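Asker: Below you'll find the structure I mean.
Since every read-out is calculated from the coordinates, none of them should be taken as a lab result. All figures in this text were calculated on a predicted structure; none of them were measured in a lab. Methodologically, a virtual Cβ is constructed for each residue, glycine included, from the backbone with ideal geometry; neighbour enumeration extends over all protein chains shown.
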Amino acid sequence: MDKEFLINLLKLTIGIVFLVKGADIFISGALGIAKRIGIPDFVIGLTLIAFGTSLPELMVNIKASLEGATEMTLGNVVGSNIANILLILGIAGIIRPLSIHKTFVKKEIPLNFLSILVLFAMIGDKFLDSTAKALVSRSEGLVLITTFIGYLYFLAAFMEKEEVNDEELKMGYIKGSAYVLLGLAGLILGSRWSVEGGIGMALVLGVSQALIGLFLIAVGTSLPELITSAVAAYRGNSDIALGNVAGSNIFNISLVLGTSSLINPIVVPDRILKDIILLVIATTILLISNYTGRKYTVSRLEATIFLTVYIFYALYSWYFELNY
């Protein structure tokens, strides 16, 4: 096997390990502090854990934007959101059927649809304005950041505090803060190596940076969401599993993509439209699953369908890229 390919694969792998471990340490610290304050599980999933598990995407995209690898930034966001719904909820739902909070159906899924529509409007320059090249500009990035701030305000306005038992207090403020800082250090190192390895692999394999972002980096940076949601499902805590996915998807589009486009306007690759259409379909399937069979539940059968769709999507994308 080509030596350059192996070096870049090693860089990508080590980078993702640092990203996952860094996010895990960050989440431990943030969760310990949140529990001490008395924040409800569902809000923890939507905010602290969703933000923590979106940090790999954020750090990778900041690094990729600074390197000018803008196709990778968009591919990472869209690919991570698709993986969050089809891959992560698929695996979590197979481990244990997920009972869905009504708030998730009535508020979070519509907000996910809205964020996708906003994203489509921003990348649809060729179709909406008949321009030669589609871009997510800095001004559009500012709109996304504003949307992110509005989302945080929305959560704060509807948050209700709950009493927390002493046994649940995992970490004090000093220790929690130290974990947060250590986790951030791992995320910074991991993002650097992941981007360098991803760009190198795209060059060696002769595929687009968007494809590397959609799968290798997107799935790698989604590992924190996968681990968090799978463990939460195993423990029967569906609120954190689902809140994590919903919050992470909104964070990815608003905060991650917004920050990336502020650093460097993002060139939109032609193939990304098909992936956004799949993201709309995946979100629609998730909505429909709440009203089929047992209401407000993702059954093992529905979770298996999610996972199967993702596997076929991945195989088709790689086959099409390598053969056409």
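Asker: How high is the FRET efficiency between residue 308 and residue 106 when r is their beta carbon distance and R₀ equals 22 Å, given to the nearest 0.05? Don't skip to the end; give the middle numbers.
Answerer: Values: r = 28 Å, r/R0 = 1.26.
Once the sixth-power term is evaluated, E becomes 0.20.
Asker: Moving to a separate point now. Tell me, what is the FRET efficiency for residue 99 and residue 14 to the nearest 0.05, using R0 = 25 angstrom and their Cβ-Cβ distance as r? Spell out each step's value before the answer.
Answerer: On the way: r = 38 Å, r/R0 = 1.51.
The formula returns an efficiency of 0.10 here.
Asker: Taking the simple approach of a point 7 Å from Cα along Cα-to-Cβ for both residue 137 and residue 4, what is their distance in nm?
Answerer: Placing both labels 7 Å beyond Cα along the Cβ direction yields 3.7 nm.
Asker: What does the charge add up to near residue 190, with Lys and Arg as +1, Asp and Glu as -1, over the other residues with Cβ less than 14 Å from its Cβ? Present the calculation step by step, with values, prior to reporting the outcome.
Answerer: Working: positive: 11, 21, 63, 192; negative: 24, 57, 196.
My count for the surroundings of residue 190 gives +1.
Asker: So how far apart, in nm, are the two label points at residue 120 and residue 315 if each is 7 Å from Cα heading toward Cβ?
Answerer: Using points 7 Å along Cα→Cβ, the separation is 2.8 nm.
Asker: Oh, and also: Based on the Cβ-Cβ distance of residue 270 and residue 297, what FRET efficiency does E = 1/(1 + (r/R0)^6) give at R0 = 51 Å, to the nearest 0.05?
Answerer: Values: r = 38 Å, r/R0 = 0.75.
Using R0 = 51 Å, I get an efficiency of 0.85.
Asker: Rank these for me by crowding, 306, 312, going from fewest to most other beta carbons within 10 Å.
Answerer: 312, 306
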